[in-house]
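A.B. asks: I'd like to ask some things about the structure below.
The values are calculated or read from the model by the stated rules, or taken from the named source; none is laboratory data. Not measured: the values here are computed from a predicted model. For neighbour counting, all protein chains shown are included, and Cβ atoms are generated from backbone atoms with ideal geometry for every residue, glycine included.
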Amino acid sequence: MATLIPTRDELRDFFAEELELPADVVGYESDFEADLGVDSLATMEILVQLEKKYSIRLEESEFAGLTSVNAVHAFLADRLEAA
């Protein structure tokens, strides 16, 4: 059974919960580092949680481009549709 592609709202809520921020603070285009003050190590830790939640494997080189909810959504849509 294929994993359903999460909506942008679901991803925003996921990141808000992981970052302990209100969901309305986490915009779809908010840069995790520049706009939300998340350092690269914390971003990687959150993306590892994303791997677990959606049963996917991310290569370290893929982390760099995943800097916003929209970027993560597009990546997951491509990855999960291909699965």
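A.B. asks: Does Phe32 qualify as being of a type in the set (A, V, I, L, M, F, W, C), surrounded by 14 or more Cβ atoms within 10 Å (Cβ to Cβ) and either out of contact with any Leu (no Cβ under 8 Å at 6 or more places or on another chain) or farther than 20 Å from Glu81 by Cα (or both)?
C.D. replies: yes
Every residue, every condition in (1) loosely packed, with under 12 Cβ neighbours inside 10 Å; (2) touching a residue at least 12 places away in the same chain (Cβ under 8 Å); (3) in contact with a strand residue (DSSP E or B) (Cβ under 6 Å, 6 or more places away or on another chain); (4) closer than 12 Å to Phe15 by Cβ, yes or no:
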position	(1), (2), (3), (4)
Gly37	yes, no, no, no
Ile46	no, yes, no, yes
Gln49	no, yes, no, yes
Lys52	yes, no, no, no
Glu62	no, yes, no, no
Asp78	yes, no, no, no
Glu81	yes, yes, no, no
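A.B. asks: Given the structure, is Thr3 modelled with pLDDT of 90 or more and either touching a His at 6+ places or on another chain (Cβ under 8 Å) or not acidic (Asp, Glu) (or both)?
C.D. replies: Considered against the rule, which asks whether it is modelled with pLDDT of 90 or more and either touching a His at 6+ places or on another chain (Cβ under 8 Å) or not acidic (Asp, Glu) (or both), Thr3 comes out as no.
A.B. asks: Against the definition (out of contact with any helix residue (DSSP H, G or I) (no Cβ under 8 Å at 6 or more places or on another chain) and either in a loop (DSSP other than H, G, I, E, B) or modelled with pLDDT under 95 (or both)), how does Ser61 come out, yes or no?
C.D. replies: Answer is yes for this residue.
A.B. asks: Still on this structure, please answer the following. Confirm whether Leu4 is surrounded by 15 or more Cβ atoms within 10 Å (Cβ to Cβ) and either in contact with a Leu (Cβ under 6 Å, 6 or more places away or on another chain) or touching a residue at least 60 places away in the same chain (Cβ under 8 Å) (or both).
C.D. replies: Answer is no for this residue.
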